[in-house]
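Trainee: The following block contains the structure, expressed as structure tokens.
The values are calculated or read from the model by the stated rules, or taken from the named source; none is laboratory data. No experiment lies behind these values; they were computed from the predicted model shown. Note that we place each Cβ from the backbone using ideal geometry, even for glycine, and neighbour counts take in every protein chain shown. Side chains are part of the model used for accessible areas, which takes the heavy atoms of the whole protein and leaves out ligands, DNA and RNA. Shrake-Rupley method; radii C 1.70, N 1.55, O 1.52, S 1.80 Å.
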Amino acid sequence: MNTKQSGFTVVELLTTIIVAALFVATFYQMFIVLLGVNVAARNISQANSLAYSNMRKYPTAASITATGITCTSPGTTGNLLNSTGPDNVNYPELGVRSEVVTASFPYGCAAVYDVIKIVSTVTYGTNSRVSHATYVN
């Protein structure tokens, strides 16, 4: 009596399930890593946008001196903006952050060197920082 059976053995099924589980676990780990990279990139992008928009609020030297910051000696520095706290409307992912915009007179107070350096820094998360700088006159 020669009976021919078709189908899979238990060993073949277990091997297939184990290999499939390894593939699923690998792809899940890759998904988690890529998700973290995506969140970090989005946070950097939002912090860049915030720092740049804070810096662009002061397009000329007149807009800075209107805030009361004037040159008293070479290297004079003053804060144009110094705030800490969450912005739940525009940038909720950044959470609690610090925004600082400073103006300095790197070339002194002479009218010939009427150049002001503006630095906008946004600190968010655990010591993540983005800065933008420009010169205006």
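Trainee: Among the residues of segment 11-51, what is the count of those that are touching a residue at least 60 places away in the same chain (Cβ under 8 Å) and of a type in the set (A, V, I, L, M, F, W, C)? First the steps, then the outcome.
Mentor: Within segment 11-51, the subset touching a residue at least 60 places away in the same chain (Cβ under 8 Å) is 43-44, 47-48, 50-51.
From what's left, of a type in the set (A, V, I, L, M, F, W, C): 44, 47, 50-51.
The number of residues fulfilling the criteria is 4.
Trainee: Oh, and also: Residues of segment 21-64 being outside any helix (DSSP H, G or I), open to solvent by less than 80 Å² (accessible area, probe 1.4 Å) and under 16 Å from residue 131 (Cβ atoms), which ones?
Mentor: 58
Trainee: Residue by residue through segment 65-84, note down the ones that are open to solvent by 80 Å² or more (accessible area, probe 1.4 Å) and touching a Pro at 6+ places or on another chain (Cβ under 9 Å).
Mentor: Selection gives 74 alone.
Trainee: Further question on the same structure: Could you grab me the full set of residues in segment 85-135 that are more than 17 Å from residue 75 (Cβ to Cβ), surrounded by 16 or more Cβ atoms within 10 Å (Cβ to Cβ) and touching a residue at least 40 places away in the same chain (Cβ under 8 Å)?
Mentor: 91, 94, 97, 99, 101, 120, 121, 122, 124, 130, 132, listed by residue number.
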